[in-house]
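Below is one structure, written out as structure tokens; comments come after it.
Every number here is computed from the coordinates shown, using simple stated rules; none is lab data. Source: prediction; values computed, not measured. Note that we place each Cβ from the backbone using ideal geometry, even for glycine, and neighbour counts take in every protein chain shown.
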Amino acid sequence: MSNMSSPVTSENKVSPAPTATGGAAVVAASTPPPDMIAIKVDGKTVFAPKTTPDPITGKPIPTTMIQACALVSVEVPHYCYHPKLPVAGNCRMCLVEFGTPAMGPDRKPVMNPDGTPKIAKSPRPAIACATPISPGMEIYTNTPGVVDMRKGVLEFLLINHPLDCPICDQAGECKLQEYSVDYGQAQSRFVEEKVHKPKRVDLGPRIVLDDERCILCSRCVRFTKDIVGDDALGFVNRGSYNTLSNYPGKPFDNNYTLNTVDICPVGALTSKDFRFQMRVWFLKETKSICTSCGTGCNIVMGAREEKIYRYEPRQNDAVNSTWMCDAGRLNYKWIGRADRLKEVMTRSLGGSAYASSWSVAIQQITAKLTAAAAGSVAIVASARQTNEELYLLARLAKKFGAITDSVPRLGIGDKLLVNADRNPNSTGARLTGIAAAPMGSNLAKIADGIRKGTVKTLIVFGEDVTKHGIGADLLAKLETLIVSDILPNATTSAAHFLLPGCAHAEKRGTFTNVKGRVQRFMKAVESPGSARPEWEILHELVFNVTGQNGFVSIEGLFNQMASDIPAFAALKWAGLGDTGVTIQI
Amino acid sequence: MIVKRDKLTFWEKLYVPAIWGGLKVTMRHALRKNVTMQYPEVKWAVPPGYRGAPYLVKNQEGRTKCVSCQLCEFVCPPKAIRITPPGPQGAPGAGNVEKGPQAFDINMLRCIFCGYCQEVCPEEAIFLMKDYSLTGLTRGEMVFDKEKLLKLGGVHDDRIQKWEHKAEEAAHQGVAP
């Protein structure tokens, strides 16, 4: 009863590309490189690295069976193991059978008659998450024995589980559900009363805990202790009454609590924000970037019918590992606000605003800009705009010799993910030449220019300049004020031309984070009313004003920008992939 | 293709037997019990297992059985069902059930009476009942909301009462549900 999977073809199988763990599994050669170990997973030869970095300290530690299995895409069911957390080994779901080369009394490997090393099967199984691999080891993940063990572990886990999937937010992305389908029984053999534990425990401002659902995997405990450094959670009581709890009187309220909801394999930890809002299988998932600070965490937006329900972190080991902060995660509600700018508005000098249309407004703006004298135009563009939009604005600025700047936004950073720079694209604003050095130093000059009357036309993208030194009294002096924004503010109400723009969830584009990683994001929902992506508006304006034709697709526009701006050189939209590319800044 | 006709036999050429056979059929129907109903004055007796309009039910305790798990909304082939979940606060007064639909609409113009919603429901909260003739003067009228569905659905005698038993067990162990 050794290897039950098909060993006939597996020898020649090409293993998948090197994975994020840094190891490469190579099958073609017969002897492994010096820092690799040759093992077999279900009959497939794998070259796995001898050591892998510890997820917390980064020190090399021996590669485990589960990591070696992952190299050849063999999934070993598990609950407590998480690739980014220390190993606990308490759920026992990843039990596998294995064997090692048999040694003779002379300490030499015993050979089979056909010359292959004789494998001595271990009499006991081992947990794949905590057992290091050794040369020549064979791992069997699919034998009837292993399947029986999984069934047994699962039956134990389900003894006190309330089975309230119909009201559980995790349903649909629950590991307990998934493995119950694979290894569960239709009928429970447990006839005693289930142990009941508190439901709806208020752990902190963003987390509700359902203790009955908890399978005590301790992922949340390890995450908050070892990743965040806030030793807030722990287990109390014993046996069947073992319960997850926060320290009495100390709320679980650090800025990373909602990650525990993501890593919870069951529905024990639930987000108060997402609780009972929508079933997860309705959510359309779009790869995007968080815009709340300069880190640019990779996220997945969950949306249904043009409404965003949640952000979740997406793995990118170069940026955010698999985490994101709570502040960034919950910063999405403004996208669906009812007072979003939806219509193109025009206002004659001193008159009241009236609704216009894109074709008319663009025509009028073109006429105004073409007539504008060189040096009489200023541009304030937010560092929340995309690289492509800032690049198009920079081309407009070049045409007029305009004075340009962005608005700096500083907060308090932390050592994990939150950056002090709260603009998602400060680097992009600098690289495209929109932002002054230091950012914001030109704002006073622009205000001065308006006061003196040298600046007659102001183009504002995505900022309320009245809060940054260019007050309403100065805006009233302007001959032309062109504003594009998403939400109404004092600047938009003073605009002569108001162009409703799109949130990042409603368009495509790229941001450059503080470390110079260029990352693209995709469109999750439709924009409200007649709002259009800013790069589309700008593309028309640049064409009308400068006469230079550009690209009408975001892909072409990005590639054009990359060839124009030296810092982005050699980048291609398609080459950015899902996790982006780091450039020298 | 040419179909070759068989020559009629003498017996067939007579025609009398064929006329006699026809008369037999006519007489049989003339003497049979009448099957045509005077609908709508006379209503049809709906057979058991008939798939009529889907309605929501309450249990004998008066609790709306639906917990807004949205499986019926997911499985509904014509997308006739639309449920609004209760949101973070849960359903008011739901106790240990926690969830219940804030709104539950079935567009009866879209419904194809397939019965998937009844089949998929983990709470036995929606049943295809005997109503087969739904009429309305506007399209809006044909979208049945939660109150209307519950009123039409009535009470379903729940033999399992799992939530009530869970609450009892928890209370017995001294844990607030």
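What is the local net charge at A:Ala338, summed over the other residues whose Cβ is closer than 15 Å to its Cβ (Lys, Arg +1; Asp, Glu -1)?
+2
On C-alpha positions alone, give me the angle between the axis of helix B:16-31 and the longest principal axis of chain B, in degrees, nearest 10.
30
Apply 1/(1 + (r/R0)^6) to the Cβ-Cβ distance of A:Glu555 and B:Lys162, taking R0 = 51 Å, and write down the FRET efficiency to the nearest 0.05.
So the FRET efficiency works out to roughly 0.40.
Under 5 Å between amide H atoms, partner at least 5 residues away or on a different chain: which partners does A:Asn423 have, H built in plane at 1.01 Å?
Those lying under 5 Å, H to H, from A:Asn423 are A:Gly294, A:Arg409.
What is the spin-label model distance, in nm, from B:Ala18 to A:Ala130 if the labels are put 7 Å beyond Cα along the C-beta direction?
For B:Ala18 paired with A:Ala130, the spin-label model returns 9.2 nm.
Amide H neighbours of A:Ile37 under 5 Å, counting only residues 5+ apart in sequence or on other chains, H built in-plane at 1.01 Å?
HN-HN under 5 Å from A:Ile37: A:Ala48, A:Lys50.
Taking H as built 1.01 Å from N, whose amide H comes closer than 5 Å to the amide H of A:Gly440, not counting residues under 5 places away?
The answer is A:Ser406.
Hey, rough spin-label estimate for B:Asp6 and B:Val46, points 7 angstrom out along Cα→Cβ, what's it come to in nanometres?
For B:Asp6 paired with B:Val46, the spin-label model returns 5.0 nm.
Would you work out the charge dipole size for the stretch B:54-162 about its Cα centre, treating the Cβ of every Lys and Arg as +1 and the Cβ of every Asp and Glu as -1, and quote it to the nearest 20 debye?
So the magnitude is around 120 debye.
Kindly identify the protein assembly as shown as rounded, prolate or oblate by the Cα gyration tensor criterion: order the square roots of the eigenvalues as a ≥ b ≥ c, call it rounded if a/c is under 1.5, otherwise compare a/b with b/c, prolate if a/b is larger, else oblate.
oblate
Over the stretch A:179-287, calculate the relative contact order: mean separation of alpha carbon pairs under 8 Å at least 6 apart, over the residue count, as a percent.
28
Just name one of B:Ile112, B:Gly140, B:Gln161: the one whose Cα is farthest towards the positive end of the charge dipole of the stretch B:54-162 (beta-carbon charges, Lys/Arg +1, Asp/Glu -1).
Checked the options; the winner is B:Gly140.
Give a residue-ordered list of calculated ³J(HN,Hα) values for the stretch A:385-402 (Karplus: 6.51 cos²θ - 1.76 cosθ + 1.60, θ = phi - 60°; whole Hz; x for Gly, Pro).
Values, residue by residue: 7, 7, 3, 5, 5, 5, 5, 5, 5, 5, 5, 4, 4, 4, 4, 9, x, 6 Hz.
Test of understanding: what is the full-extension gain from A:Ser359 to A:Lys398, defined as 0.36 nm times their sequence separation minus their Cα-Cα distance?
Extra length available between A:Ser359 and A:Lys398 comes to 11.6 nm.
Shape call for the stretch B:37-77 from the C-alpha gyration tensor, a ≥ b ≥ c root eigenvalues: rounded (a/c under 1.5), prolate (a/b greater than b/c) or oblate?
Oblate.
Would you work out the relative contact order for the stretch B:54-162, in percent, from Cα pairs under 8 angstrom that are 6 or more residues apart?
Averaging sequence separation for qualifying contacts and normalising by length gives 39 percent for the stretch B:54-162.
With the dipole of chain A worked out from charges on the C-beta (+1 for Lys and Arg, -1 for Asp and Glu) around the Cα centre, which of A:Ile119, A:Pro566, A:Leu478 lies farthest toward the positive end?
Towards the positive end, the residue furthest out is A:Leu478.
Per residue of chain A, what 222 nm ellipticity follows from adding -39500 (n - 2.57) for every DSSP H run with n ≥ 4, rounded to the nearest 500?
Counting only the DSSP helices, I get -6000 deg cm²/dmol.
What list do you get for A:Val407, B:Val67 if you sort them by fewest beta carbons within 10 Å?
A:Val407, B:Val67
Pairs A:Lys307/B:Lys148; B:Lys58/B:Lys166; A:Lys121/A:Lys175: which are spaced more than 23 Å apart, C-alpha to C-alpha?
From the list (A:Lys307/B:Lys148; B:Lys58/B:Lys166; A:Lys121/A:Lys175), the Cα-Cα distance tops 23 Å for A:Lys307/B:Lys148; A:Lys121/A:Lys175.
Can you flag which of A:Lys415/A:Lys523; A:Lys523/A:Lys572; A:Lys287/A:Lys368; B:Lys43/B:Lys151; A:Lys284/A:Lys342; A:Lys415/A:Lys507 are past 28 Å Cα-Cα?
Distance filter (> 28 Å) returns A:Lys415/A:Lys523; A:Lys287/A:Lys368; A:Lys415/A:Lys507.
In what order do A:Ser553, A:Ser348, A:Ser218 fall by count of nearby beta-carbon atoms within 10 Å, going from fewest to most?
Taking fewest neighbouring Cβ atoms as first place, the list is A:Ser348, A:Ser553, A:Ser218.
Please give the charge dipole size of chain A, origin at the Cα centre, charges +1 on K and R Cβ atoms and -1 on D and E Cβ atoms. Round to the nearest 20 debye.
Around 620 debye, computed over chain A.
Using 0.36 nm times the number of residues separating A:Thr454 and A:Lys467, minus their current alpha carbon distance, what extension gain do you get?
That pair, A:Thr454 and A:Lys467, stretches by 2.5 nm at full extension.
Going by how many other beta carbons lie within 10 Å of each one, how would you line up A:Trp323, B:Trp163, B:Trp20, A:Trp535, fewest first?
So the ranking, lowest neighbour count to highest, is B:Trp20, A:Trp323, B:Trp163, A:Trp535.
Taking beta carbons within 10 Å but only from partner chains, what does the mean come to for residues A:156-167?
Rounded to a whole number, the mean comes out at 4.
Report the net charge of residues surrounding A:Leu369, where surrounding means a beta-carbon distance below 15 angstrom and charges are Lys +1, Arg +1, Asp -1, Glu -1.
So the environment of A:Leu369 carries a net charge of +3.
Compute the relative contact order of chain A as a whole-number percentage, counting only Cα pairs closer than 8 Å that sit 6 or more residues apart in sequence.
9
To the nearest 20 debye, what charge dipole does the stretch A:221-377 have about its Cα centre, counting +1 at the Cβ of each Lys and Arg and -1 at the Cβ of each Asp and Glu?
380
From other protein chains only, count the Cβ atoms within 10 Å of every residue's Cβ in B:60-69, then give the mean.
So the per-residue partner count for this stretch is 2.
If you take each beta carbon of peptide A:56-66 and count the beta carbons of other chains within 10 angstrom, what is the mean?
The per-residue average across the peptide is 0.
Using 0.36 nm times the number of residues separating A:Glu193 and A:Lys118, minus their current alpha carbon distance, what extension gain do you get?
Length difference between fully extended and current span is 22.0 nm.
Once you put a point 7 Å from the Cα of A:Arg337 and another 7 Å from the Cα of A:Ala476, both along the Cβ direction, what distance in nm separates them?
In this crude spin-label approximation the distance works out to 2.5 nm.
B:Thr135 to A:Lys307: FRET efficiency via 1/(1 + (r/R0)^6), r the Cβ-Cβ distance, R0 30 Å, to the nearest 0.05?
It comes to 0.35.
For the stretch A:345-582, build the charge dipole from Cβ charges (+1 Lys, Arg; -1 Asp, Glu) around the Cα centre, then report which of A:Ala435, A:Ser356, A:Ala495 sits farthest towards its positive end.
Farthest towards the positive pole: A:Ala435.
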